[in-house]
Amino acid sequence: MWALAEQALKQAIAVPAKPILKWAGGKTQMLGDLLPKVPSSYGRYIEPFFGGGAMFFALQPEQAVIADSNPELINLYRQVADHVDDVICQLKKYENTQEMFYAVRGQDWTMLPEAEAAARTIFLNKTCFNGLYRVNKKGQFNVPFGKYKNPKICDEEGLKAASAALKKAEIVCGDYLLVLEHYAQPGDFVFLDPPYLPISEYSDFKRYTKEQFYEEDHVELAKMVKTLHERGCHVILTNSNHPLVHELYAPFTIDVIQTKRHISCNGSTRKGEDVIVTIPPKQRTLIKLLPKPLPEQVSAYPPTRFMGSKSKLLSEIWSVASQFNVDTVVDLFSGSGIVGYMFKAQGKSVVSNDYMAMSATFTKAMIENNTVTLPLEEAERLLVAHKESDHFVSTKFQGLYYTDEENDLIDTLRTNIAAIRDPYKHAIAMTALIRACTKKRPRGIFTYTGHRYDDGRKDLQKSLAEQFLDAVEAVNSAVFDNGKVNRSKHGDAMDLRVEQADLVYIDPPYYSPLSDNEYVRRYHFVEGLARDWKGVEIQEHTQTKKFKSYPTPFSTRKGAADAFDRLFKKFANSILIVSYSSNSLPTQDEMVAMMAKYKEHVEVIPIDYKYSFGNQNEAKTHRNSVQEYLFIGY
C-alpha cells in the first residue's frame, strides 16, 4: 500500500504540466524572458488567445480564465480537463499512417463524441506537417500528412498533468474583447499573445481559425489594453517587432527579443525579433468618497421632480470636487440647477449652462442672480390682467392639461411677465410660473393629457394662483450673494465658451437602448412657456401638442460617444467630473478609455442609486436600481 502511494506521489512530482499541442507561435522558447516580468502576486490569470498555453502551463495559476475563439481547441481543453481518461482511451486507437491520417482528417469533428473530437485534434496536431492547424473557408482541416517516423501521439502522463492544471481554470470559447470585458478585474494578470504583425499567410490566427485579424484589429486590441491598464490589471503582451506595435504601445515598456521561427519554409527567414510589452496597472485610489455635510443654504433651493436631478447625490459630488483646489466651476448640463447652486453655496464662481430654456431660467433666477427678489405684492399684480393677452395657451392647449380658467391665468401671467424689464425679476416670475404649472400636473410631466395619474397630492388641490405665489416666495428665499460673479448660459454645451473653467461638471442626458432621454418630450409645455413658443415647431397631429425635440447627440450610442470625446477634448485643461449611469452607454470602460485620451489620471467612483422618477420607471424596465458613476479626470 505504501509502495503504491509512493509511486503515485513520484508520478505527480515527476511530470510537470506542459503544452499538449505543437503550436506555431507558441511561447515556450520565450518563457525565460516572459516569466521574470510576471507580477509577484495577482488575482486571476486571464489568457484570451490561449493557443498552446505555454505561459499558463508554466505558471499553473490557482485561479484562471483561459479562452480562445476556436471551438475545436476549446473542446480539446475542456475534455482534457474533465475527461482525460476518455481522451487517452481514444488516442490509443490511432496509428501514425498516412491512410489513418487522411481518414481522420476527413471527419467532421462536430459530429463526433466530445472526447473523440478532442483526441482527433491531438492526433492531427502530432502527425500533420509542422504541427499546423490550418482550415479552409469551410472550416475543414487541410494540412497534409507530416511523415514523421515516431511522433508521440498519446503522452498519457503529460495529458494527466495538463488535466490537473486545466481543472483549476474556467475554459471559455469566445471573442477576446468579450472575454476581457466580462472577466478582467483590478489586480488580475492578463497575458495577450495575439496573431502577430504583419498579417500574412503564416499568421497564427489565420492558421487556427476561419477568421482574420487585421491591422485595425490590432488597433482595437491596443484600446482594450489601455482600458485594462486603467482598470488596474497587470498586462503582458507579445507581438513581432513591427512599427505599428511600437506606435500603439509607446507609453509602455517594450523589450525586443531574438527568436526563431519554426514554420517558415525558407531557412533564412526563421530568425526574427519579437517584442514583450509590459503594462503595469494604473495606480488609483487617489480620490476618496467621503461625503461631507453641505451648507445650509443648499436646502433653500426649491425642490423639483425634474428628471435626472442630482439632488440626492450632492454630498457625493461635493466630496469628490472638494479634493481639488478650484475657483471656477462650469455646470455644463444644469438641468434642475441644483448642482450649480450647490457649488455657488460652496463659494465657487459658477457658470451654469443648459440647452433647455426652462433650465437656464432657473439658474438665471437663483445662480446668476445674487441680490434681486420679486416682492410678493408685485407678484400678486402679475395675476391680474392689465391688457389683453394673445390667448395662445387657452386656444392651443384647451382641454389638455388645465381648466379653461387656469389656461386664461397662464396667458395673463405670460403677458405680464413679458413686460417685466428687470432680467432677474423676469427670471424669478417665469421660474415661479413653470414651477406652478409643473406642480399642478400629476407626475409633473406632459407626456399625456388629462389627470389620469391624480394621486391626491396637496399640490393638485391648490389653485394655480396659490402655486405661483408659493413658488415666488420659494425662489426669493433661494436668492443669496456668494461674493462671486456667476453666469447662467442658454445654449449647446459644444459651443459654450468660458474664459476660465477650473472644474467642469458634466451630467448629460443618459443614453440607453432600454429607454429614451427626451427631456423636451416630458416638459414641452413648460419649456414652451420659457421660450414663449418662439423658435419651436409644434406638432399639431400629436394629442399632447408637443413640439419637435431639439437635436441632441445623446440620442444614439455613437452620438453620445462622439459627444463625450469632443467635450473631453474641449475641456482637456479642466478637472472633469462626469455623472453617468451603469445602465447607460457608453459603458464604464469606454468612458474611461475616452477620458484617458485627454487626462493623465482617470478614476471611477460607483454610487448605489435608485431612480424614483423619470424614464427608468416610465419605460417599465424594472432597472431603476442602478449604480451612478462619477468619472473623475485630472
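Each value in this text was obtained by applying a stated rule to the coordinates, not by laboratory testing. Note that this is a predicted model, so its numbers are computed, not measured. Quick reminder, even Gly has a Cβ in these numbers, built from the backbone with ideal geometry, and neighbours come from all protein chains shown.
Kirkwood radius, the chain, all distinct C-alpha pairs, inverse of mean reciprocal distance: 29.1 Å. Once the Cα atoms are used to define both axes, helix 519-531 deviates from the longest principal axis of the chain by about 30 degrees.
Exceedance of the 20 Å cut-off in Cα-Cα distance is limited, within the set K92/K126; K18/K167; K312/K548; K138/K260, to K312/K548; K138/K260. For K599, the lysines whose Cα falls under 22 Å of its own Cα, not counting residues fewer than eight places away in the same chain, are K223, K226, K282, K288, K558, K569, K570.
Computed about its Cα centre, the charge dipole of the chain is approximately 1000 debye, with only Lys, Arg, Asp and Glu carrying charge at their Cβ.
Think of it as helices only: each DSSP H run of n ≥ 4 in the chain is worth -39500 (n - 2.57), and spread over all residues that comes to -11000 deg cm²/dmol at 222 nm.
Could you list T373, T447 so that the one with the fewest beta carbons within 10 Å of its beta carbon is first and the one with the most is last?
Starting with the residue having the fewest Cβ neighbours, the order is T447, T373.
In the chain, the longest principal axis of the Cα atoms and the axis of helix 464-478 are about 70 degrees apart. Taking amide H as placed 1.01 Å from N in the peptide plane, Y598 has no amide H partner under 5 Å among residues 5 or more places away or on another chain. Judged by the mean number of other Cβ atoms found within 10 Å, the most tightly packed of the peptides 229-240, 393-404 leads the ranking 229-240, 393-404. Under 19 Å of direct C-alpha separation, and excluding same-chain neighbours fewer than eight residues apart, K310 reaches these aspartates and glutamates: E296, D331, D354, D507, D516, E518, D608, E618, E628. Charges were assigned to the Cβ only: +1 to each Lys and Arg, -1 to each Asp and Glu. The resulting dipole of the stretch 12-279 about its Cα centre is roughly 900 debye. Size descriptor for the stretch 371-479, Kirkwood hydrodynamic radius: 14.3 Å (Cα pairs only, one decimal). Residues whose amide H comes within less than 5 Å of that of V351, counting only those at least five positions distant or on another chain, are V329, V330, D331, R487 (H built at 1.01 Å from N in the peptide plane). Computed from phi, the 3J(HN,Hα) profile of the stretch 30-41 under the Karplus parametrisation 6.51, -1.76, 1.60 (θ = phi - 60°) reads 9, 4, x, 8, 7, 4, x, 8, 5, x, 5, 8 Hz, with x in place of Gly and Pro. Using 7 Å Cα-to-Cβ label points, what is the S315/H601 separation (nm, one decimal)? Output for this residue pair reads 2.5 nm.
Residues R305, R566, R497 in ascending order of nearby Cβ atoms (within 10 Å, fewest first): R497, R566, R305.
Packing, as the average of other Cβ atoms within 10 Å across residues, places the peptides 530-539, 148-157 in the order 530-539, 148-157, highest first. The simple Förster model, with R0 at 30 Å and r as the Cβ-Cβ distance, assigns A418 and E537 a FRET efficiency of 0.90.
3J(HN,Hα) along the stretch 491-507: x, 6, 4, 5, 9, 5, 10, 10, 5, 9, 9, 5, 9, 10, 9, 10, 9 Hz, from the Karplus curve 6.51 cos²θ - 1.76 cosθ + 1.60 with θ = phi - 60°, whole Hz, x for Gly and Pro.
Computed from Cα positions, the angle between helix 114-127 and the longest principal axis of the chain comes to roughly 60 degrees.
Per-residue packing, averaged as other Cβ atoms within 10 Å, sorts the ranges 600-607, 243-250 into the order 600-607, 243-250, beginning with the highest. Listing M111, M224 from fewest to most neighbouring C-beta atoms within 10 Å gives M111, M224.
In the chain, a dipole from Cβ-located charges (positive for Lys and Arg, negative for Asp and Glu) runs towards its positive end, and of Y598, M55, S69 it is M55 whose Cα lies farthest in that direction.
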